[in-house]
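The numbers here are math on the coordinates, done by the rules we state, and not lab data. Everything numeric here is computed off the predicted structure, so don't read it as measured data. Methodologically, a virtual Cβ is constructed for each residue, glycine included, from the backbone with ideal geometry; neighbour enumeration extends over all protein chains shown.
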Amino acid sequence: MMARLYSNENFPVPVVEELRKLGHDVLTTHEAGKSNAGIEDEEVLAYAVSQKRAIITHNRLHFKRLHKHAGAHSGIIICNEDRDFSALAQRIHNIVEQYNSLDNMLISVIKNG
């Protein structure tokens, strides 16, 4: 499945670019006009829901909490930091491909080893 994603402000643009090369529709906070605005995570998630996009983020703790308490959402993908941007994008792609929908899912993408 090719996913509609919304990258949180802390998420590396090179990973976004690699995900796009893999066929995913990724919108960044910068492209949405929402970067450097001090927007709370709840608002980030609400915007992603309004756009029918799953969040991709390194902000694991806050978005795990939001998954438990925020109600319905279009998916949350939390990732460990990895400076090998291509490898991180490939791991995200490989996991997302397994699902027909990311709705209400919390997916953890971790670096092997």
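In the condition set (1) of a type outside the set (Gly, Ala, Ser); (2) within 11 Å of the chain's Cα centre (by Cα); (3) assigned to a helix (DSSP H, G or I), Tyr6 is compliant with all but (3). Within the range 39-76, the set of residues being in contact with an Asp or Glu (Cβ under 8 Å, 6 or more places away or on another chain) and polar (S, T, N, Q) comprises Asn59, Ser74.
Screening the candidates Leu27, Leu45 for the property of being of a type outside the set (S, T, N, Q), in contact with a helix residue (DSSP H, G or I) (Cβ under 7 Å, 6 or more places away or on another chain) and not in a loop (DSSP other than H, G, I, E, B) yields one hit, Leu45. Considered as a group, the residues in the range 50-101 that are assigned to a helix (DSSP H, G or I), small (Gly, Ala, Ser) and in contact (Cβ under 8 Å) with a residue 40 or more places away in the chain include one that is farthest from Glu40 (Cα to Cα), and that residue is Ser86.
Annotation note: Cβ proximity below 6 Å between a residue of the range 8-21 that is aliphatic (A, V, I, L, M) and a residue that is surrounded by fewer than 21 Cβ atoms within 10 Å (Cβ to Cβ) (sequence gap 6+ or interchain) occurs for Val15/Phe85; Val16/Thr28.
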